[in-house]
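Visitor: First, the structure itself, so that you have it in front of you.
The values are calculated or read from the model by the stated rules, or taken from the named source; none is laboratory data. What you see is a predicted model, and the numbers here were worked out from it, not measured in a lab. Positions of Cβ are backbone-derived with ideal geometry, glycine not excepted, and every protein chain shown enters the neighbour counts. All accessible areas refer to the heavy atoms of the entire protein, side chains included, with ligands and DNA or RNA removed. Shrake-Rupley method; radii C 1.70, N 1.55, O 1.52, S 1.80 Å.
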Amino acid sequence: MPAIETLVAFFGVSALLALTPGPDNIFVLLQSAQHGWRTGMCVVLGLCLGLVGHTTAVALGLAAVFAASSVAFSVLKFCGAAYLAWLAWGALRARPGSDEVRAQDGCAPAERAAVSGALRMVGRGVVMNLTNPKVLVFFLAFLPQFTDPAQGSMAQQVMVLGVVFMLTTLLVFGAIACFSGVFGALLQRSARAQRLLNRVAGLVFLGLALRLATVQR
């Protein structure tokens, strides 16, 4: 277990990193603005679940093996880029009010459709996070800096740090989702503003896809 002072310092650094503009918080910002703060929170939950996977990989030593393989790194980043490009295509083709139309579809009860939509957004966050190899490489370099062999098992310390990072991300990204969702709700009242928001989201997703596809280890 890391020392309390270490955990406090780690929490502060993690909060600053979460506030720094990057693919994940931009993703949360746009999804919340497009679909509402509840959808944004589902995406945030998915991103945090993805962090669990990265933390476990670092704790078990799998991240080091992955980082040493250029093939694995390339495959993962191109999968992530393809997924972002698919999201961009969906956003560019989206019509104003399309979410409401799907929610009112008589083929399934409203509650079931809501649960299905929430799970889809959680999954979207998980995929978004796990298919970004830079997150895994970052965790591999970042988490061990706050461990101390004198404090016990290194793997346990990494897992504790990963949980703190996940909770910090949940707080910061959750605030972004709520703020963006409220602002987006105002835009959703106008079909023209909604179309513009969808186009902006599509172009940003496409830009993130290109950025990820060209990233180097």
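Visitor: Ala63 - would you say it is modelled with pLDDT under 70, within 23 Å of Val158 (Cα to Cα), among the small types (Gly, Ala, Ser) and open to solvent by less than 30 Å² (accessible area, probe 1.4 Å)?
Guide: yes
Visitor: Follow-up question, since we're still on this one. Kindly establish whether Ala81 is more than 23 Å from Ile176 (Cα to Cα) and either surrounded by fewer than 13 Cβ atoms within 10 Å (Cβ to Cβ) or at pLDDT below 75 (or both).
Guide: no
Visitor: Starting from residues that are closer than 26 Å to Gln151 by Cα and of a type in the set (A, V, I, L, M), keep the ones in segment 6-46 and report whichever is most open to solvent (accessible area, probe 1.4 Å).
Guide: Filtering segment 6-46 for residues that are closer than 26 Å to Gln151 by Cα and of a type in the set (A, V, I, L, M), the one most open to solvent (accessible area, probe 1.4 Å) comes out as Leu16.
Visitor: Does Gln216 fit the bill of being open to solvent by 50 Å² or more (accessible area, probe 1.4 Å), outside any helix (DSSP H, G or I) and either touching a His at 6+ places or on another chain (Cβ under 6 Å) or modelled with pLDDT under 85 (or both)?
Guide: Against the criterion (open to solvent by 50 Å² or more (accessible area, probe 1.4 Å), outside any helix (DSSP H, G or I) and either touching a His at 6+ places or on another chain (Cβ under 6 Å) or modelled with pLDDT under 85 (or both)), Gln216 qualifies.
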